Amino acid sequence: MAGNGDRPKVGILALQGDFREHCQVFDELGVEAVEVRRHEDLEGLAGVVVPGGESTTIGRMMVESGLLDGIRSYFYKGGPVWGTCAGMVLAASATTGPRQPLLGLMNALVERNGFGRQVHSFEADLDVEGFDAPFTGVFIRAPFFEDVGPGVEVLSEIDGRVVAARGENILVTAFHPELTDDRRFHEYFLREVCGIERSQ
Ligand code: GLN
């Protein structure tokens, strides 16, 4: 997919939240990171990240910018998507909380702020399917999937709460890999979900 020497391009939804941190990591990994603010920015992308932030704010801004439909159609045409934290909330098909705009890309019921409120930021060493050593997840007002439907593969859970999962062309993590030095989830997304083989 990376093609003839061109750097593959991954788009980071840049309406609100910690998109800059993701951009830096992808850049470090030899991938061009593009900030996505308009529908047109989705063209030619090998993957799209919906970052952490405030899912209600990002959702409202996606509606206003046309990116709610834009990312949905990118996804349903097979485009790879990764949602972290607020992005995981937005990827779900339903929430246990009040109505809010959702992308609905994954057959899952999400509990926003599932681990508690603002004070409930924590780190946890996670066993992740396919990883040979634990991954330290940084959780900040993190969601979890309470239930998942067919087509969703659970990659990691804490006491039965799903904190990482994937579908054919989607990955979600309830925590923030972009805030640690461990690049395994960014690499996993590029390799396993986007199909990008890196040469370095
Ligand atoms: N709980 C927040 C929300 O639902 C997400 C927090 C985060 O992205 N760090 O929007």
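Under the condition of being over 17 Å from V25 (Cα atoms) and among the hydroxyl-bearing types (S, T, Y), the residues counted in segment 156-200 number 1. When segment 65-112 is filtered for residues that are over 26 Å from G195 (Cβ atoms), within 10 Å of the ligand (Cβ to nearest atom), touching a residue at least 24 places away in the same chain (Cβ under 8 Å) and part of a loop (DSSP other than H, G, I, E, B), the ones remaining, listed by number, are Q100, R112. On inspection, I58 fails the criterion of being part of a helix (DSSP H, G or I), away from the ligand (no atom under 16 Å from the Cβ), of a type in the set (V, I, T) and touching a residue at least 24 places away in the same chain (Cβ under 8 Å).
Screening A108, A133 for residues that are farther than 14 Å from A86 by Cα and under 16 Å from the mean Cα position of the chain (by Cα) leaves exactly one candidate, A108.
Of all residues in segment 52-92, which are among the small types (G, A, S) and surrounded by fewer than 16 Cβ atoms within 10 Å (Cβ to Cβ)? Of everything in segment 52-92, those that are among the small types (G, A, S) and surrounded by fewer than 16 Cβ atoms within 10 Å (Cβ to Cβ) turn out to be G66, S73, G78. Each residue in segment 151-192 was checked for being in a loop (DSSP other than H, G, I, E, B) and among the aliphatic types (A, V, I, L, M), and 2 of them qualify. Within segment 110-127, does at least one residue satisfy the condition of being surrounded by 15 or more Cβ atoms within 10 Å (Cβ to Cβ), within 21 Å of V34 (Cβ to Cβ) and touching a Gly at 6+ places or on another chain (Cβ under 8 Å)? No; the residues of segment 110-127 include none that is surrounded by 15 or more Cβ atoms within 10 Å (Cβ to Cβ), within 21 Å of V34 (Cβ to Cβ) and touching a Gly at 6+ places or on another chain (Cβ under 8 Å).
The single residue among R166, R183, R191 that is under 20 Å from V48 (Cα atoms), surrounded by 15 or more Cβ atoms within 10 Å (Cβ to Cβ), touching an Asp or Glu at 6+ places or on another chain (Cβ under 8 Å) and without any contact (Cβ under 8 Å) to a residue 40 or more places away in the chain turns out to be R166. Determine whether E146 is within 16 Å of the ligand (Cβ to nearest atom) and either assigned to a strand (DSSP E or B) or over 14 Å from G114 (Cβ atoms) (or both). Here the answer is yes, as E146 does meet what is asked.
Computed from the coordinates by the stated procedures, all read-outs in this text should not be read as laboratory data. Keep in mind it's a predicted model, so treat the numbers as computed, not measured. For neighbour counting, all protein chains shown are included, and Cβ atoms are generated from backbone atoms with ideal geometry for every residue, glycine included.
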